[in-house]
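A.B. asks: One structure is given below, represented as structure tokens, and several questions about it will come after.
The values are calculated or read from the model by the stated rules, or taken from the named source; none is laboratory data. Only a predicted model underlies this, so the values are computations on that prediction, with no experimental measurement involved. Here the Cβ positions follow ideal geometry from the backbone for every residue, glycine too, while neighbour counts run over all protein chains shown.
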Amino acid sequence: MVHPQPANPERAAFYAWLIGKPHEAALLPEAIKALERFRNDVAAPVPDVPFQLLTALPLRPQHWVAIACQAPWQMTRMNLNTFARHEVFKVGGMAQRIAERLRDPAAIRRARAFPYQLLSAYFMTGESVPERVRDALQDALEVSLENVPALSGQVYVLLDVSGSMASPVTGHRKGATTTVRCVDVAALVAPALLAKNPATEILPFDTQVHMHRLNRRDSVLTNAQKLAEFGGGGTDCGLPLGLLNHRGATGDLVIYVSDNESWADPQRGRGTETMRQWEQFRARNPQARLVCIDLQPYGTVQAQTRDDVLNVGGFSDAVFEVLARFAAGQLGGEHWVREIEATEV
């Protein structure tokens, strides 16, 4: 508990207003005065304040249009369905105005937007959101790839495209199930890393390693559709590493993106086939590191955590920074990185 002391009469009036105490209205900040005027008369101009302060009022579509016009970039991204529900896009020019805001590279950089935020926003938008606005989210997603840290050296991204990867990345939770699938997240990781490191090789797998023609110039969503077409069957997590060993591949970082439901992975005594194949890869590449991103973490893993192996449970945009730090030797592998707190979407 703190008891801040107001430094001047204006601040004293503001503190009293916050806690519902008597105050001198004339001394309040201009934004608060505008809010109070609007609360007393919704015919007054809509104040430029967080719209949550206004939703208890009888807002009409024209009020929502004013709110949308004033909204900063992040608020716009997070409230597209709200704007559609309140008929904002039915007003001439509003869809174009919001689309231009969303795809503005300078605004995206100022907002420090990251790819997963925008992927989630794209999949969460309903049919009532105009196509040009959804297209703008795709454009913004491509710009946001600039914020992904670069990884040096030869990187292999092993993407699980099995049937279970079609499930929601958050799992099935009442009132909180997302439309973003595990395979969509896998498809996001691959082009995000490929955009920063053209030498990155992507190996989609289920019970076989699929040959593909992913183009680093294609959009994230285009590549997601290509990867989703493979989907089906079981999961053999050891298989892609086995292929790399068969080729005698050299590399610095291997990244698995999977839900770890590897029922098709044969067990050979103690340990998993994935770990056996990793030992072979590391014997050839002693400085290499392995990161296993488990999108739906349970109580088991395919590779045991140690100095050269990092297990990451869950996914958010923070995972990209974790990858960069671990690849650079700045993050030890002696602990689970549990559920990464999701960037607010």
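A.B. asks: If a residue has to be surrounded by fewer than 18 Cβ atoms within 10 Å (Cβ to Cβ) and over 25 Å from the mean Cα position of the chain (by Cα) to count, how many in the range 71-95 make the cut?
C.D. replies: 5
A.B. asks: Right, something else. Do we find that R325 is over 16 Å from L241 (Cα atoms), under 23 Å from the mean Cα position of the chain (by Cα), at pLDDT 85 or above and surrounded by fewer than 19 Cβ atoms within 10 Å (Cβ to Cβ) in this structure?
C.D. replies: yes
A.B. asks: If the requirement is being out of contact with any Asp or Glu (no Cβ under 6 Å at 6 or more places or on another chain) and either assigned by TED's automatic domain parsing to the domain that holds A71 or buried (at least 16 other Cβ atoms within 10 Å of the Cβ) (or both), which of these qualifies: V2, V46?
C.D. replies: None of the other options fit; the residue is V46.
A.B. asks: Let me ask something additional. Can you tell me which residue in the range 215-224 is farthest from R181 (Cα to Cα), limited to those that are touching a residue at least 12 places away in the same chain (Cβ under 8 Å) and surrounded by fewer than 18 Cβ atoms within 10 Å (Cβ to Cβ)?
C.D. replies: Going through the qualifying residues, I end up with R216.
A.B. asks: Right, next: Would you tally the residues in the range 135-156 being among the charged types (D, E, K, R) and either within 30 Å of A249 (Cβ to Cβ) or surrounded by 19 or more Cβ atoms within 10 Å (Cβ to Cβ) (or both)?
C.D. replies: So the answer is 2.
A.B. asks: Restricting attention to the range 212-261, report how many residues are charged (D, E, K, R) and in a helix (DSSP H, G or I).
C.D. replies: Residues in the range 212-261 being charged (D, E, K, R) and in a helix (DSSP H, G or I): 2 in total.
A.B. asks: Condition test on A43, is it under 30 Å from R60 (Cβ atoms) and not in a helix (DSSP H, G or I)?
C.D. replies: For A43, the condition - under 30 Å from R60 (Cβ atoms) and not in a helix (DSSP H, G or I) - is met.
A.B. asks: State which residue is modelled with the lowest pLDDT when the search covers only the range 285-307 and only residues that are more than 19 Å from A249 (Cβ to Cβ) and outside any loop (DSSP other than H, G, I, E, B).
C.D. replies: R306
A.B. asks: If you go through the range 192-213 one residue at a time, how many are in contact with a Ser or Thr (Cβ under 8 Å, 6 or more places away or on another chain) and within 25 Å of L118 (Cα to Cα)?
C.D. replies: Number satisfying all stated conditions: 3.
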